[in-house]
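Report on one structure; see the data block that follows.
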Amino acid sequence: MEILKHVVMDHFAHRDNWLTKIDVRVKLFYIGVGLILNILSNDIMIPLVFFVTSLILLMTIKVSFVTLGIRMIMPLLFGVFIMLIVGLHKGETVVLSGSFMGYELALRKEGLLIGLLLFTKVAGGVMLLLLLSFTTTITKICMAACWMKIPETLIEVLSFVYRYLFLLIEETETMMSSQRSRLGYVTWFKTIKSFGSLAGTLIIRSIIRAENAHTAMASRGYDGGRILTIQLTPLVRSDYAILLSCVILLALFSYLGFVCF
Amino acid sequence: MKRIIPFSLILISIIIMPNLALGMHITEGILPPKWAIFWFILIMPFIVIGTLKLKKKKREVPGFLPLVGLVGAAVFVFSCFPIPVVGLNGMATAHPAGTGMSAMLLGPFVSVVIAGIALFIQALFLAHGGLTTLGVNIFSMGVLGSFSGYFAFRLAQRMGLKLFWCGFFAGVVSDLCTYMGTSIGLGLLVFEGGESFPIAIMHSAKAMLEIFVVFMATSQGPLCIAEGIVVGFAISYVYKVRPGILQNLKVVKV
């Protein structure tokens, strides 16, 4: 369950710093436009600029390289995989060739260059996402989604999933430890069988908990309506100033990426 | 010899990469805008129908949303189980898709919504997948995974198979279809508008096949079977301990 420990890393978003204080709508605007520019770029310049600026911003709130590295490693490896796949299928100039089990494979220069662009887009895009996740809680994202008129039902389900995820992770880890102490993971088949009963128990517990949660919520007045009790405050002067800075910054990046290069 | 060494390294990388990269989610930045928009348009009807079904059910059964949220969270945790890959003697682990399980319990349309929410959380808080690639990931994991798993389960039930085997087939088929969806999404990256349509399709199909073979030949082939067995055991366990749950969710007949 090592992978799930990263989910708990949203504690960064609960910290009090200048990035977490920025209004969620302003951040979503910057990240949204940034992601669009990132995939629109035909050159590695824009993705690299997003990568570096996001990295610097995260450094200012003392997010360590190790923390970022753990998050970045999988997407970057995926980027390398894609670079190789595109390198094998696009272009004319062969830089490396050979056969594998009778199957002819050739890496081409043009394909590898396109792959490199994709790799930088992965780096830039993921860093932008990390900038959002390290500075914004899911509750604020739900509030922004409410403001953007996303269907309430979806926001409710998202809130429920996120709210109970941590409880279920904890319960799963406790059950896994118990199974391990009873030699539940000594062979492959035993492992699979243990995972089966673990998944079954998880379903049973989640359904019982859902019934209890609904009873408790109904007693407090829940009638199937919205569960978010906090609402976003109107944007103030400082938010508009940051929004304007974001627009200028994004325009500058676009100019650098699309016009100069 | 000079060429063989780097080439071998590349091949090893190709084989190892999907394990490390949790190949079922296409990561942020990979898709060009046209494909990102295409996949979003493709999944939109499923999300809309799923949301409408949720709304309708919420009106009928007031406790349905907490149930969907909790089962969604349970399936999310299930999808993070580190299942050891049998051929590698526990050196590598892979993660199940989980959509077969949620489709069996909540129906395919609601399962698409659950998958979308799970993918959104994963994109933000695990850096797996992404926001611009959410469309293709929902298509492969949500749409293909849920519908194939659901229909495999129902078909197996109609054939009169035991509950374990029904769950097994749902798990195997949904996992296979999820990877097929990811391979389609990635294979289409080599589709070039400049080429004639049949040639472009042929190039894409070749890439899809290669990616699918890489996925299946490494961890995901054995994982399909493992996920099937886990889902089979899980559903039989629930039926043995609390049959009422499956009856209430209309997974089995009373």
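Name the residues in the range B:106-121 that are β-branched (Val, Ile, Thr) and within 11 Å of B:VAL71 (Cβ to Cβ), would you? Full working, then the answer.
Of all residues in the range B:106-121, those β-branched (Val, Ile, Thr) come to B:110, B:112-114, B:117, B:121.
B:VAL110, B:ILE114, listed by residue number.
How about the range A:94-117: which of its residues are of a type in the set (Asp, Glu) and either closer than 14 Å to A:ASN42 by Cα or within 11 Å of chain B (Cβ to nearest Cβ) (or both)?
A:GLU110
For the range B:1-78, which helices (runs of 4 or more DSSP H) that fit wholly inside it have 3 or more residues that are at pLDDT below 90, surrounded by fewer than 21 Cβ atoms within 10 Å (Cβ to Cβ) and at negative phi?
Helices (runs of 4 or more DSSP H) meeting the threshold: B:4-20, B:33-60.
Could you list, in sequence order, all residues of the range A:152-196 that are open to solvent by 10 Å² or more (accessible area, probe 1.4 Å), among the hydroxyl-bearing types (Ser, Thr, Tyr) and in contact (Cβ under 8 Å) with a residue 12 or more places away in the chain?
Residues satisfying the conditions are A:SER159, A:TYR162, A:TYR164, A:SER194.
Contact list please: Cβ distance under 7 Å, first residue in the range A:72-83 and modelled with pLDDT under 85, second residue among the hydroxyl-bearing types (Ser, Thr, Tyr), pairs at least six apart or on different chains.
A:PHE78/B:THR27
Sort out which residues of the range A:202-211 are at pLDDT 90 or above and surrounded by fewer than 19 Cβ atoms within 10 Å (Cβ to Cβ), and write them in order of number.
A:ILE204, A:ARG205, A:ILE208 - these are the residues of the range A:202-211 that are at pLDDT 90 or above and surrounded by fewer than 19 Cβ atoms within 10 Å (Cβ to Cβ).
Which number in (1) more than 11 Å from chain B (Cβ to nearest Cβ); (2) over 16 Å from the mean Cα position of the chain (by Cα); (3) open to solvent by less than 70 Å² (accessible area, probe 1.4 Å) marks the one condition that A:ILE39 misses?
All conditions pass for A:ILE39, except number (1).
Checking the condition crowded, with 24+ Cβ neighbours inside 10 Å, under 23 Å from B:ILE83 (Cα atoms), facing chain A (nearest Cβ under 9 Å) and not aromatic (Phe, Trp, Tyr), which residue from B:ALA115, B:ALA103, B:ALA127 passes?
Details: B:ALA115 fails: facing chain A (nearest Cβ under 9 Å); B:ALA103 fails: facing chain A (nearest Cβ under 9 Å).
Unique residue meeting the criteria: B:ALA127.
Would you mention how many residues in the range A:48-74 are farther than 24 Å from A:HIS14 by Cβ, open to solvent by less than 40 Å² (accessible area, probe 1.4 Å) and within 17 Å of the chain's Cα centre (by Cα)?
Number of matching residues: 1.
The values are calculated or read from the model by the stated rules, or taken from the named source; none is laboratory data. Since this is a predicted model, take the numbers as computed values, not measurements. When we count neighbours, we look across all protein chains shown, and the Cβ atoms used for this are built from the backbone with ideal geometry, even at glycine. Heavy atoms of the whole protein, side chains included, go into the accessibility calculation; ligands, DNA and RNA do not. Shrake-Rupley method; radii C 1.70, N 1.55, O 1.52, S 1.80 Å.
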